[in-house]
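What follows is a single structure, written as structure tokens, with notes after it.
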Amino acid sequence: MKRFALVALVVGLIWGTGTGCSKSPSANRAATAPQPSSGAIAGVVDAAGHHLTLTRYPQRIVSCAPSITEILYKLGLQNRLVLDTTACDYPPDAKKKPHFNALSSDIEPILAQNPDLVLDLKDLNHNLIAPLQKAGVPQLTLDVSSVGAVMNSILIIGEATGTLKQAQVLVNSLQAKLNAVRKAVAKAPHKPRVLILYGTNPLYTTGPNSFINDLITIAGGVNVVAKPPPGNVISPEEAVALQPEVILCAPELVPAIRRLPGWAQAVPAVRNNRFFTAVDTLERPGPRMADAVVVLARYLHPHEMARFARSSLARTAP
């Protein structure tokens, strides 16, 4: 369930086919952000529509999600991070930080750190957002429900912490790698039908309009779940009817999936042993998502990705 809960600059260039954002996230914020008052350095609007006026860049930051922690480290803000969650395990140094249980509604561990900025996720930290707001704690709520939203969240963090240039460099880098993968698999003769499973009892999955769906699409796959199922749960019979050719899941789920009645013969992915289990990074909407897409694309389209790698090396050879 924890894994399931975590699935969340010119981004329009990534979505040339119309998916995702069509405008620059920074441009969108510029149009809606309140003008800083006298003495303020910035006015930031978060995913919940809250306006945060900053009179100085925060020095005591609390992260409420592993992906946020990874972004902070990537922007060089680890020395300002005073508290992260029990699930924060990357980079390894993040495990040395003081932790709190982000799934709890107890904000006392956060208040004890006297933070000047709390960063939380719109679709994950429902239990914390309202209590923190009531307590008057400066916070920014981020949206990671799509690749475009993740890019925008990186820029919001950069804007709020005085590291916007670093954030723009990071977004440009992620964008370039994602675009390269899209180009590499664009002419693949077949796009495998993909089903992602976070649990088997019941079968938790993800449909369209989601971060993980975007990554599957960029990697050259087709999410077999075409409509968001109620509660993100499908029945075993529905899954069989979808005929997935590849199943994305944690390694520990593979035996249970194999044992589902009839799946060994009726589901192509199980019959052909097509399980992609390198999902830890793929499911985390942060700076490593582009590398995760590369790994998935190599699994789905090994020949196209190998050919693209060779052509890229040829172009950069002296």
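Could you please let me know if GLY16 is modelled with pLDDT under 95, of a type in the set (Gly, Ala, Ser), exposed (fewer than 12 other Cβ atoms within 10 Å of the Cβ) and part of a loop (DSSP other than H, G, I, E, B)? Answer is yes for this residue.
Taking LEU260 as the residue in question, decide whether it is more than 24 Å from the chain's Cα centre (by Cα) and of a type in the set (A, V, I, L, M).
Yes: the conditions hold for LEU260.
Matching residues to (1) crowded, with 19+ Cβ neighbours inside 10 Å; (2) within 25 Å of ASP123 (Cβ to Cβ); (3) in the same structural domain as ALA292 (by TED's automatic domain parsing):
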residue: ILE157; (1), (2), (3): yes, yes, no
residue: THR163; (1), (2), (3): yes, yes, no
residue: HIS190; (1), (2), (3): no, no, yes
residue: LEU197; (1), (2), (3): yes, yes, yes
residue: PRO228; (1), (2), (3): no, yes, yes
residue: ALA239; (1), (2), (3): yes, yes, yes
residue: PRO244; (1), (2), (3): yes, yes, yes
residue: ALA256; (1), (2), (3): no, no, yes
residue: GLN265; (1), (2), (3): no, no, yes
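The residues of region 201-213 that are farther than 13 Å from PRO229 by Cα and surrounded by fewer than 19 Cβ atoms within 10 Å (Cβ to Cβ) amount to a single one, ASN201. Applying the condition of being at pLDDT below 95 and assigned to a helix (DSSP H, G or I) to region 213-232 and asking which residue is farthest from ALA256 (Cα to Cα) yields PRO230.
The helices (runs of 4 or more DSSP H) found wholly in region 255-303 and carrying at least 3 residues that are closer than 30 Å to CYS64 by Cβ occupy 289-300.
Exactly one residue out of LEU128, LEU142 is at pLDDT below 95, under 21 Å from SER63 (Cβ atoms) and aliphatic (A, V, I, L, M): that is LEU128.
Note on region 77-130: residues that are within 18 Å of LEU52 (Cα to Cα) and exposed (fewer than 15 other Cβ atoms within 10 Å of the Cβ) amount to 2.
Out of all the residues in region 241-253, is one or more at pLDDT 95 or above, under 25 Å from ALA188 (Cα atoms), out of contact with any strand residue (DSSP E or B) (no Cβ under 9 Å at 6 or more places or on another chain) and of a type in the set (A, V, I, L, M)? Taking every residue of region 241-253 in turn, at least one turns out to be at pLDDT 95 or above, under 25 Å from ALA188 (Cα atoms), out of contact with any strand residue (DSSP E or B) (no Cβ under 9 Å at 6 or more places or on another chain) and of a type in the set (A, V, I, L, M).
Each residue in region 131-170 was checked for being over 16 Å from ILE218 (Cα atoms) and part of a helix (DSSP H, G or I), and 21 pass.
Residue-level check: of (1) over 22 Å from the mean Cα position of the chain (by Cα); (2) of a type in the set (A, V, I, L, M, F, W, C); (3) surrounded by fewer than 23 Cβ atoms within 10 Å (Cβ to Cβ), VAL222 misses just (1).
Taking the condition over 14 Å from VAL194 (Cβ atoms) and either at pLDDT 95 or above or aromatic (Phe, Trp, Tyr) (or both), does ARG271 pass? Taking the combined requirement at face value, the residue satisfies it. The residues of region 55-69 include none that are surrounded by 24 or more Cβ atoms within 10 Å (Cβ to Cβ) and at pLDDT below 95.
The values are calculated or read from the model by the stated rules, or taken from the named source; none is laboratory data. Just so we're clear, the structure is a prediction, and the values are computed from it rather than from any experiment. In this analysis, Cβ positions are derived from the backbone assuming ideal geometry, glycine residues included, and neighbour counts consider all displayed protein chains.
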